[in-house]
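No value in this document is a laboratory result; all are computed from the given coordinates. All values reported here derive from a predicted model rather than from experimental measurement.
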């Protein structure tokens, strides 16, 4: 069976894992921090509060009384005989990350466009491998040695007008 058209090349992928889910102290927006499996490379992605909550619930294995939206998506994917083989964050356009879910099933492989936050929420639930293209990593990742250096680097990228004015 032919491979589906995907927006990346296999040799350009680097395996990552979720390193942390934190709140940006400046904007109060959640940030998921991905780390390369090889270590030393960190990729922060600012996400919505609802998606951060969905990721956190899955990471902590918190059971909810009724299925949440991402739980429903997992059920639908599985009910149709598919599996999410992997998640790939493949592009950064106009400061917006783009991801694809690669579904596999009886009819072959299907790439599905996704927001990274939704893809990560599904991946945590389904224990799906995560990948980022080297192009995205070279454009947006930090290669720092410590978390304090990462925080400093993130803050340095925030435009001064977004920091607000603080009275001393």
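Could you work out the relative contact order of the stretch 1-67, using alpha carbon pairs under 8 angstrom and six or more residues apart, expressed as a whole percent? Spell out each step's value before the answer.
On the way: 71 pairs, mean separation 14.6, N = 67.
Reported as a whole number, the value is 22 percent.
Each listed q (0.10, 0.11, 0.17, 0.21 Å⁻¹) maps to a log10 I(q)/I(0) for the stretch 10-161 from the Debye sum over equal C-alpha point scatterers, namely -0.36, -0.43, -1.00, -1.43.
With contacts taken as Cα pairs under 8 Å and at least 6 residues apart, the stretch 10-161 reaches a relative contact order of 25 percent.
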